[in-house]
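Just below is one structure, and these are the notes that go with it.
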Amino acid sequence: MKQHIVIAIDGPAGSGKSTISKMIAKRLGLLYIDTGAMYRALTLKAMNTGADLEDTQALTELARSTEIELRDGPKLRVFLDGKDVSEAIRTVEVTDKIKHVAKVPGVRHEMVILQRDIGRRASSVLEGRDIGTVVFPDAEYKFYLDADVKERARRRQEDFATAGKKIELDVLIKDVLERDASDFNRKVGPLKKADGAVVIDTTGMSIDQVVEKLLSYIK
C-alpha cells in the first residue's frame, strides 16, 4: 500500500457508509473522517444559535467562524468549538434539519477546504456524498455504496432503537426518500457515483461481507 492514500466512500443515507468506513479504517490503520458529522455539527450550532436555515449567507458565515474537530480513537469524537457534541449531533432534530445546511454552496465550500486539509495530512477513509466527485476526485480508491430504500430505512430504525428511540418504519422510509431527493438534486456537490468508483449494493449483505468486498479491491 502507498505511504499516503485516500479512500473515498460515497452513498445515500442508510447505505452503510459510516459503519463500513470505520471498519475499513480500523483494519488498515487509517484515519476515519466522517464528513456527515461535520455537517451535523454545523447544523447543531445553527439550531442552538437560532440561525435562519433559509439564510444562505448567514449559514456560510457561521461555517467560516466555526471550529469543527474530529478526534480518532476507539470511537470517533466530534468537537464543536471545543465542546464534545458526538451524541448531540445524532438526534432526530438534527437529522431533520441537516439538509438545509448541507445544500448551501458556501457551507460546502468551507467544509471541502477542511476535509481536504485533514485528508492530506494523514492517510484517511472519508465517507459522505461528494467525496469521490468533489473533495478527492483523485482518491486512490473510490466506492459507492447503495441499498434499497426499505433496507436503508430499516437500518436507521435499528440505529434509533439502539439509542432508545422507537420510530415507525413508514416514517423513516419517507425521511430517507426526502433525504435522497435533497442529496441527488442539490446544485452543489450532489450525490452521484464518481468516475471509476466501485459500486456495491449492500442490500442483504452483512457488515463483514461488505468490508471484505471493499478490502478485496484495495491493494
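What follows is calculated from the coordinates using simple rules that are stated; it is not laboratory data. Because the structure is a prediction, the values reported are computed rather than measured. Note that we place each Cβ from the backbone using ideal geometry, even for glycine, and neighbour counts take in every protein chain shown.
Some observations on this one:
- Centre-to-centre separation between the Cα atoms of the range 155-181 and those of the range 34-92: 21 Å.
- Two-decimal log10 I(q)/I(0) for the range 91-174, as the Debye equation yields it once each C-alpha is a single scatterer, q = 0.11, 0.12, 0.16, 0.25 Å⁻¹: -0.44, -0.52, -0.85, -1.15
- One decimal place: the segment Q57-D159 gains 33.4 nm when fully extended, by the rule 0.36 nm per residue minus the C-alpha distance.
- Look at the dipole of the chain built from charges on Cβ: of A37, V211, T66, the Cα furthest out on the positive end belongs to V211.
- Database remark: amide H of F143 closer than 5 angstrom to the amide H of A8, I9, D10, V198 (H placed geometrically; neighbours at sequence offset of 5 or more, or on other chains; Pro and chain starts carry no H).
- Distances between every pair of Cα atoms in the range 19-96, grouped in 5 Å steps from 0 to the bin holding the largest one, split as 3, 15, 25, 22, 17, 9, 6, 3, 0 percent.
- Remark: the range 6-204 projects, on average over all directions, an area of 10.6 nm² (convex hull of Cα atoms).
- For a modelled paramagnetic label at Q3, 7 Å from Cα along Cα-to-Cβ, the residues of the range 123-161 in reach, with backbone nitrogen under 13 Å, are 123.
- Simple spin-label estimate for K192 and D81 in nanometres, 7 Å along Cα-Cβ: 3.7
- Computed Rg/Rh of the range 118-157, alpha carbon atoms with Kirkwood Rh: 1.10
- Structural descriptor for the chain: relative contact order 33 percent, calculated from alpha carbon pairs under 8 angstrom and at least 6 residues apart.
- Sorted ascending by nearby beta carbons within 10 Å, beginning with the fewest, L214, L169 become L169, L214.
- Counting DSSP beta bridges with both ends in the chain, the antiparallel % (nearest 5): 25
- With each label modelled as a point 7 angstrom along the Cα→C-beta vector, the K213-R71 pair spans 3.5 nm.
- Extension gain (nm, one decimal) between I167 and R121, 0.36 nm per residue minus Cα-Cα: 12.6 nm
- As a rough footprinting exposure proxy, the listed residues F79, F136, F184, F143 were ranked by other beta carbons within 10 Å of their own, and the order from fewest upward is F184, F79, F136, F143.
- Put in line by how crowded their Cβ is, counting other Cβ atoms within 10 Å and starting with the fewest, D81, D146 read D81, D146.
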